[in-house]
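These notes concern the structure reproduced below.
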Amino acid sequence: MRKKIAEYLHSEEKNMFKLLEALVLQPSSSRSKKGVDAVGALVVESLQSSGMSLEIDRQSEVGDHLLFRSSACHKSQPSILLFGHMDTVFPIDSPFNWYKDDGEKIFGPGVIDMKGGLVCAVYAIKALAFCGLLEKIPITFLCNSDEEIGSSTSYELINAEAKKSLLALGFECGGLQGEVVTGRKGRLGYKLVVTGKAGHAAFAGADKASAILEMANKIIALEKLNDLDRKIVVNIGTVQGGIGPNTVADRAEAEIDTRFLSVADASDTSERIVRIVTQCSVLGTKTELIKTGERLPMEQTPQNSALFKIIQNEAQLLAIPCLEEMRSGVSDANTIAQNSIPVVDGLGPIGDCDHSDREYMVRASLPARVRLAACSIVSCWGTISDFDKAGESS
């Protein structure tokens, strides 16, 4: 079967890269419904010959979410969930709007985050269809439109599909050494608002109720929550306030990003932040803490490790590098992990510098990772009991 998959993918390699170029050259900023839907149309067209059925979750403000299912999917049969997102971080008017293939690397907006991953999932499915396996293996492929802005409109859909799934495979980019992600840090985001009392700076006394002064005290205290040993990160990313240098600021705002490895650390960090925020040292000021986003950690469970070992074994047979990684960034894998099913991420092609105008893919990694994905799906379906045993021992 591996030989048949390899032969099919080799014959389709040019088309694989044509699809990649078409996807990359179609701008799909998260807030551009038209752009993201155009990417979705390309994915739909590419999978038309596979026999996968299509369900569309219509959206009014962002792109529609897409669900593809193989003919083997039944309500009583849990499926293998593949997932990826169609949006990118780049604005519609970004000057980074080109595609360049120099034979070794391919450059372009979203080439690894994650239009290359979409190509990887699409052609893995097409290879399985060619081999007649979609009639035997229940596969659901979820493409959402808002991952880069927190997946607020796809969150319930992702959870619902995860609950019906045996395991999940994500197609965010792989690491430069062939890493596959078995764990991700969690993230909590906050907006901190401090209010005080406005006044003329020339007449301000020691009791001035400066929102900026209170914010400064809060920032220093919050930054002290960083813990290198526990890998807890607290970062104040933006600060604004006041209307001029000769006024006492009556309002200041800051955005806070926190990262952590475990649910326990998430709870502990959150409690500490609340304590700092609610204790004001500048008289006449008060604070408000607003949660702006939350993704609990994808912990490195025995189930995830069992799933990774199957993928790593396939990689060894295909002579493809494959290492295990705990990744700091979050993805929809974090959400899926809360449903207690095995999940790995980073099965997409290898590259670097995503979210910048230097984003690139290692060209040779695309066909290699497609082969790895297709073969891993077959092996996963053949070793279902491994996950059950891992789950029982965890």
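For this structure, a couple of remarks:
- Between 0 and 90 degrees, the angle of helix 2-11 with respect to the longest Cα principal axis of the chain falls at about 80 degrees.
- As a calculated quantity, the FRET efficiency between residue 283 and residue 18 at R0 = 56 Å, using C-beta atoms, amounts to about 0.25.
- Stokes-Einstein diffusion coefficient of the range 235-326, Kirkwood radius over Cα pairs, 20 °C, 1.002 mPa s, in µm²/s: 122
- C-alpha long axis of helix 211-223 to longest principal axis of the chain, angle in °: 50
- Normalising the average separation of contacting C-alpha pairs (under 8 angstrom, six or more residues apart) by the number of residues puts the relative contact order of the range 66-141 at 57 percent.
- Our coupling estimate for the range 107-115, obtained by passing each phi through the Karplus curve with A = 6.51, B = -1.76, C = 1.60 and θ = phi - 60°, is 10, x, x, x, 4, 10, 10, 9, 6 Hz, Gly and Pro reported as x.
- Beta bridge orientation in the chain: antiparallel %, DSSP, nearest 5: 70
- Using 0.36 nm per residue and subtracting the Cα-Cα separation, the extra length available between residue 201 and residue 34 on full extension is 55.2 nm.
- When shorter helices are ignored and each DSSP H run of at least 4 residues is given -39500 (n - 2.57), the per-residue value for the chain at 222 nm works out to -11500 deg cm²/dmol.
- The Rg/Rh ratio for the range 186-295 is 1.04, where Rg is the radius of gyration of the alpha carbons and Rh is the Kirkwood radius.
- Helix 302-317 and the longest principal axis of the Cα set of the chain meet at an angle near 50°.
- Across the range 186-295, the mean sequence separation of Cα contacts (distance under 8 Å, 6 or more residues apart), normalised by length, yields a relative contact order of 45 percent.
- Fewest-first ranking of 119, 62, using other Cβ atoms within 10 Å as the exposure measure: 62, 119
- Model label sites at residue 72 and residue 291, defined 7 Å from Cα along the beta-carbon direction, differ in position by 3.9 nm.
- At q = 0.13, 0.14 Å⁻¹ the log10 of I(q)/I(0) for the chain amounts to -1.04, -1.16, computed by Debye summation with a single uniform scatterer per C-alpha, solvent ignored.
- Think of each Lys and Arg Cβ as +1 and each Asp and Glu Cβ as -1; about the Cα centre, that makes the dipole of the range 186-295 roughly 80 debye.
- Exceeding the 25 Å Cα-Cα cut-off - candidates 115/136; 197/224; 208/286; 100/309; 33/231: 115/136; 197/224; 100/309; 33/231
- Per DSSP, loop trypsin sites (Lys or Arg not before Pro) in the range 286-394 with at most 14 further Cβ within 10 Å: 358
- Relative contact order [Cα under 8 Å, 6+ residues apart], the chain, whole percent: 22
- Pairwise FRET efficiency - residue 243 versus residue 274, Cβ, R0 = 25 Å, nearest 0.05: 0.30
- Convex hull volume of the Cα atoms of the range 1-142, normalised per residue: 104 Å³.
- Point-charge dipole on Cβ atoms (K/R +1, D/E -1) for the chain, about Cα centre, debye to 20: 300
No value in this document is a laboratory result; all are computed from the given coordinates. Predicted model only: the values in this text are computed from it and were never measured. All Cβ positions, even for glycine, are placed from backbone atoms using ideal geometry, and neighbour counts span all protein chains on display.
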